[in-house]
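J.: Okay, handing you the structure first.
The values are calculated or read from the model by the stated rules, or taken from the named source; none is laboratory data. Here the structure is a predicted model, which means the values were calculated and not measured. As a convention, Cβ positions derive from the backbone with ideal geometry for all residues, glycine included, and neighbour counts pool all protein chains shown.
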Amino acid sequence: MTRQIPVGQTKSAGFQIGVRRSLPVTRQAAWQLLTSPQGRKLWLGEAADMDFVTGEAYATKDGASGAIRVVKPLEQLRLTWQPGEWQKASTIQIRLLPATAGKTTISFHQENLADESCREAMKLRWEQALAAISAVLTGEASI
């Protein structure tokens, strides 16, 4: 009898989740928003001033902390993220992918999540973040 592996569980990276959305904006516009203090609040939370450079440590006002691991302007951010109540850090990767007809796909991927309930909570978080980012980038909302 084979054991059923829960959705989102990997052998090496715990549980993971990925959420993406294509928007009618350039990669430059998406990058500028994601890395601006106002846009950063939409997905990371409110943090002290930070630069997106490899090795930069950060802490948010709600108690999460981590470090920037990879910065490829207009393409990719990779960082660790650990809320105060978590036992270990997870890894978040944000990618900006060219899509059809002048659109950009914003992709959030998170790995090293503790369990299925954490995966579901993070799925909701990234879906909400992408909805807020989309609203700002398409002019439906302002920051």
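J.: Looking only at region 61-90, count how many residues are within 14 Å of the chain's Cα centre (by Cα) and either farther than 19 Å from E111 by Cβ or among the aliphatic types (A, V, I, L, M) (or both).
T.: Going through region 61-90 one residue at a time, the tally reaches 8.
J.: Starting from residues that are polar (S, T, N, Q) and buried (at least 18 other Cβ atoms within 10 Å of the Cβ), keep the ones in region 108-131 and report whichever is nearest to W31 (Cα to Cα).
T.: Checking each candidate, the answer is Q110.
J.: Another question, then. How many residues does region 1-22 contain that are at pLDDT below 95 and either outside any strand (DSSP E or B) or among the aliphatic types (A, V, I, L, M) (or both)?
T.: Total satisfying the criteria: 12.
J.: Here's a check for you: in region 50-72, which residue that is surrounded by 16 or more Cβ atoms within 10 Å (Cβ to Cβ) and of a type in the set (S, T, Y) is nearest to Q93 (Cα to Cα)?
T.: Y58
J.: When you scan region 26-38, do you find a residue that is in a strand (DSSP E or B), among the small types (G, A, S), in contact (Cβ under 8 Å) with a residue 60 or more places away in the chain and closer than 25 Å to S134 by Cα, even just one? Break it down into steps so the answer makes sense when it comes.
T.: Of the residues in region 26-38, the ones in a strand (DSSP E or B) are none.
The answer is no, given that none of the residues of region 26-38 is in a strand (DSSP E or B), among the small types (G, A, S), in contact (Cβ under 8 Å) with a residue 60 or more places away in the chain and closer than 25 Å to S134 by Cα.
J.: State which residue pairs qualify: first residue within 25 Å of L137 (Cα to Cα) and inside region 81-101, second residue surrounded by fewer than 16 Cβ atoms within 10 Å (Cβ to Cβ) and of a type in the set (D, E, K, R) in any location, beta carbons under 6 Å apart, and separation of 6 or more residues or different chains.
T.: L96/E75
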